[in-house]
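Please read the structure below before turning to the comments.
Just so you know, all these numbers are worked out from the coordinates, no wet-lab data involved. Since the structure is predicted, the reported quantities are computational estimates derived from the model, not experimental observations. A quick note on method: Cβ atoms are made from the backbone with ideal geometry, for glycine too, and the neighbour counts reach across all protein chains shown.
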């Protein structure tokens, strides 16, 4: 048994089998996620339980052992995919930088991103926006399900992110669905991360006595991966399917 506290797998969770099938078919590509940044305007918005001021495009993963993902299943959905961390590293997925109100890193990020907003240096602005997109408070407010949660211990999520283009949208542009969809389609075309058979370690489904979801996903995987990678690749992926009761019984 490994003594490592972190996992060799990056997990991503979603809320339906159709969304999971979509990831397998189209790969991961960034979607806009509104969240409170370190900016003072976001702190004020959170204090008043208002929405964040902007959103960034990202795909999120957690670096947790299988035995500790129970809380994630409740928060983000019971349909999940676990991927070899080597695959994540090769695709520039990286852990976020956690900070807190007293940390030197927090002051630096706030000061530098404010400076970037006024700079004419596009490279500098882009670099600092990337830094901002990968920085998150140790504990703080979260915008989830269209309302503010006051105190979330983000550090427990041990998040990794994929943010290839830190194109922030202010709230007005974010809620413009047509504008958001145009950008999502561009991200899918330019930045989608395909998922080869050997990258998949787990495909997780909620337990059901009729096993319809398991059979549906098995048939889908066999058809999709056989066409793309041959029968051996399809069988390899099909063997990773499991139900969440196996995890819950282990915890």
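Descriptive notes on the structure:
- Using bins of 10 Å that start at zero, the share of Cα-Cα pairs per bin across the chain amounts to 7, 28, 35, 22, 8, 1, in whole %.
- A Förster radius of 35 Å combined with the Cβ-Cβ distance from residue 100 to residue 25 puts the calculated FRET efficiency at roughly 0.30.
- Diffusion coefficient, µm² s⁻¹, Stokes-Einstein with Kirkwood Rh over alpha-carbon pairs of segment 171-251 at 4 °C and 1.567 mPa s: 85 µm²/s
- Each of 188, 90, 159 has some number of other Cβ atoms within 10 Å of its Cβ, and from fewest to most they run 90, 188, 159.
- 0 to 90° range, to nearest 10: angle between helix 17-26 axis and the chain longest Cα axis: 80 degrees
- Listed by Cβ neighbour count within 10 Å, with the fewest neighbours leading, 85, 172, 71 appear as 172, 71, 85.
- Once the Cα atoms are used to define both axes, helix 122-133 deviates from the longest principal axis of the chain by about 60 degrees.
- Between residue 223 and residue 18, the simple spin-label model (points 7 angstrom out along Cα→Cβ) gives 1.6 nm.
- Entry for segment 33-157 at q = 0.10, 0.11, 0.22 Å⁻¹: log10 I(q)/I(0) = -0.36, -0.44, -1.45, Debye formula applied to identical alpha-carbon scatterers, no solvent contribution.
- Computed lengthening from residue 243 to residue 121, 0.36 nm per intervening residue step minus Cα-Cα distance: 38.9 nm
- Arranged from fewest to most other beta-carbon atoms within 10 Å of their beta carbon, 246, 60, 33 become 246, 33, 60.
- Result for the chain in a Gaussian network model with C-alpha springs under 10 Å: among 61, 29, 154, the largest mean-square fluctuation is at 154.
- Whole-number percent relative contact order across the chain, with pairs defined as alpha carbons under 8 Å at least 6 apart: 28 percent
- Computed from Cα atoms, the angle from the helix 177-191 axis to the main principal axis of the chain rounds to 60 degrees.
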